[in-house]
Amino acid sequence: MKAHLTRRYIFSASHRLHSDELTDEQNLAVYGKCNNPHGHGHNYALEVTISGQVNPATGMVCNLSNLDETVHDEILNRFDHVNLNLCAEFNAGVPTTENLSALIFDILKRTFNSAHLEKVRIEETAMNSFEYSGT
Amino acid sequence: MVYLTRKCEFSASHYYHNPEFTEEENRRVFGKCANLNGHGHNYTLEVTVKGEVDRKTGFVVDLKELKDILNREVVDALDHRHLNKEVPEFANQVPTTENLAIAIWYRLQSHLRRAKLHRVRVYELPDLFVDFYGEA
């Protein structure tokens, strides 16, 4: 039997949405308040969904502690309480939650091998969320 | 096609233990969940059914009927129970959230008439849930 398991994690980070390819005026027009030069922050809620056959001996798709460990080491340690704009990963891109979702998916795809990575979902606020499944 | 989701809650106790594992393996694989004195959760169940909207009633499913099925097949059977000791599906398998979602799917599936079961989602904690779509 194939089941999907989703685990939710919280991290807090600051960012500023600003593209070097746009003029200051265009940045303000596109990003509005998110273009504030001093940045702002969010409590991000990250949901990671994995899937696979339920192991008959354990009743589990994978050991949850493996997933927790990878997410703590690879994602929370990297992005919790930091300024996303200053992270090397965003040297060449705007730290929108679209880009953050894709980045986190790609990092987990590379580092988590205990089950199939289905989807990453990020709530930037209670009002908006983003999903990326690798395509 | 319209999808309808109904939510309900139940509270139950369980422990994780495979008699084919040594005690050391049980502790290593299941951690704190292997404590044979058990522990419990407030589970939240979301059941999603799908179907065409009936032109006469405007319903995908008779919600009262769905509520009755959920109460009879799931809540009455699992609420304030010990999953390992009182629920037949777990006499010989570990009552993980994965297996619980699968067991609930099969408890509900045969009772639905018009609408088809689409997804069973079981929250063990607000930050941990399992989805089962009936996939082999």
Inset, instruction - Six or more apart or on different chains, Cβ under 8 Å: which pairs go from a residue in segment A:64-77 that's surrounded by fewer than 16 Cβ atoms within 10 Å (Cβ to Cβ) to one that's at pLDDT 95 or above and basic (K, R)? Could you list them? - result: A:D68/A:R7
Legend entry - Sole exception among (1) in contact with a Ser or Thr (Cβ under 9 Å, 6 or more places away or on another chain); (2) not in a strand (DSSP E or B) for B:F59, by number: (1)
Inset, instruction - Please verify whether segment A:44-51 includes one or more residues that are buried (at least 17 other Cβ atoms within 10 Å of the Cβ), outside any strand (DSSP E or B) and in contact (Cβ under 8 Å) with a residue 24 or more places away in the chain. - result: no
Inset, instruction - Would you check which residues across segment B:60-70 are surrounded by fewer than 16 Cβ atoms within 10 Å (Cβ to Cβ), farther than 21 Å from B:Y106 by Cβ and either touching a residue at least 60 places away in the same chain (Cβ under 8 Å) or not basic (K, R) (or both) and list them? - result: B:D62, B:L63
Inset, instruction - Output the residues belonging to segment A:106-127 that are in contact with a Phe, Trp or Tyr (Cβ under 6 Å, 6 or more places away or on another chain) and closer than 17 Å to A:G52 by Cα. - result: A:V120
Inset, instruction - Only one of these is β-branched (V, I, T), within 14 Å of chain B (Cβ to nearest Cβ), touching a Gly at 6+ places or on another chain (Cβ under 6 Å) and within 25 Å of B:E98 (Cα to Cα): A:V61, A:V54, A:V48. Name it. - result: A:V61
Legend entry - Qualifying residues in segment A:77-101 (those that are in a loop (DSSP other than H, G, I, E, B) and touching a helix residue (DSSP H, G or I) at 6+ places or on another chain (Cβ under 6 Å)) - the one modelled with the lowest pLDDT: A:G93
Inset, instruction - Kindly indicate whether B:N18 is part of a helix (DSSP H, G or I) and of a type in the set (S, T, N, Q). - result: no
Inset, instruction - Kindly check whether there is at least one residue in segment B:96-109 that is crowded, with 17+ Cβ neighbours inside 10 Å, farther than 20 Å from A:C62 by Cβ, touching a His at 6+ places or on another chain (Cβ under 9 Å) and of a type in the set (S, T, Y). - result: no
Inset, instruction - Determine, yes or no, whether B:E89 is touching a helix residue (DSSP H, G or I) at 6+ places or on another chain (Cβ under 7 Å), surrounded by 14 or more Cβ atoms within 10 Å (Cβ to Cβ) and of a type in the set (D, E). - result: yes
Inset, instruction - Note down all Cβ pairs under 8 Å where the first residue falls in segment A:106-135 and is in a loop (DSSP other than H, G, I, E, B), the second is of a type in the set (F, W, Y), and they're at least six residues apart or on different chains. - result: A:E124/A:Y44; A:E124/A:F130; A:S133/A:F105; A:G134/A:F105
Legend entry - Count of segment B:114-128 residues which are in contact (Cβ under 8 Å) with a residue 40 or more places away in the chain and either more than 12 Å from B:V47 (Cβ to Cβ) or more than 14 Å from chain A (Cβ to nearest Cβ) (or both): 7
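The values are calculated or read from the model by the stated rules, or taken from the named source; none is laboratory data. Predicted model only: the values in this text are computed from it and were never measured. FYI the Cβ positions are ideal-geometry reconstructions off the backbone, even for glycines, and counts take in every protein chain you see.
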